[in-house]
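Just below is one structure, and these are the notes that go with it.
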Amino acid sequence: MEDTSRPGGGGVRPWDYSMNEDRLALPTVLLVEDDRDIREMMATLLDMSGFAVVSCDTAECGLNALREQEFDLILTDYALPRQSGLWLLQEAEGEGLIQGTPVLIVTAHPHVQTNAGYEVIQKPFDLDELIERVRQRMEGADSPRRGGGAVAPSGRPGRLERRLGGGGVPR
């Protein structure tokens, strides 16, 4: 194998996973959103805000992710292809995968009925407010992964002025 470290021996080798240890300490968010642009933008924003993000584009993919690992928060769109975000949450609850895990549902759909007490965020929404709601939900949660109260630091360079999800088909 070719040595790709910097001259002088101070570089990082491609098989050096020590930097990934820091990522393991971050609160982890499952993000389920079918619109690729919105999903990538939200994942980037969450990542920049100090969260580790696992992204899925369907409810089925999200359910499989929940079967694979525990998350500190679930952020899902309501209207997804084939199965809804609500279906995902009901299936995950039925399998005992999300007990005590905070959930946020984002949607442009005008009437979302949920009896489980999930917080629904209407599109369009302010991105800074979304991050604050994620933090608030994690602060009050008894995370199965962390024992509760694990929240990414709130320091950020400035407010983002963009809004998400205006116009188009309800999601």
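Among residues of the stretch 85-103 that are closer than 12 Å to F71 by Cα, those with a Cβ under 6 angstrom from a residue that is open to solvent by 50 Å² or more (accessible area, probe 1.4 Å), sequence gap 6+ or separate chain, pair up as G100/D142; G100/P144; P102/R137. Checked against the criterion of being crowded, with 16+ Cβ neighbours inside 10 Å, in contact (Cβ under 8 Å) with a residue 60 or more places away in the chain and assigned to a loop (DSSP other than H, G, I, E, B), the stretch 53-66 has no qualifying residue. Of all residues assigned to the stretch 69-83, none qualifies as being open to solvent by less than 50 Å² (accessible area, probe 1.4 Å), on the phi > 0 side of the Ramachandran plot and more than 16 Å from the chain's Cα centre (by Cα).
Based on this model, can you work out whether L89 counts as modelled with pLDDT of 95 or more, more than 21 Å from E132 (Cα to Cα) and aliphatic (A, V, I, L, M)? Taking the combined requirement at face value, the residue satisfies it. On the given criteria, is V106 on the phi < 0 side of the Ramachandran plot, of a type outside the set (S, T, Y) and outside any loop (DSSP other than H, G, I, E, B)? Yes; evaluated as a whole, the condition is true for this residue. Of all residues in the stretch 109-124, those satisfying the criterion of being of a type in the set (A, V, I, L, M) and not in a loop (DSSP other than H, G, I, E, B) are V120, I121.
Of the residues making up the stretch 88-118, those that are open to solvent by 40 Å² or more (accessible area, probe 1.4 Å) and in contact with a helix residue (DSSP H, G or I) (Cβ under 9 Å, 6 or more places away or on another chain) number 6.
The values are calculated or read from the model by the stated rules, or taken from the named source; none is laboratory data. On a predicted model such as this, the values are computed, not experimentally measured, just so you know. In this analysis, Cβ positions are derived from the backbone assuming ideal geometry, glycine residues included, and neighbour counts consider all displayed protein chains. For the accessible areas, the whole protein counts, side chains as well, though only heavy atoms, and no ligand, DNA or RNA atoms are used. Shrake-Rupley method; radii C 1.70, N 1.55, O 1.52, S 1.80 Å.
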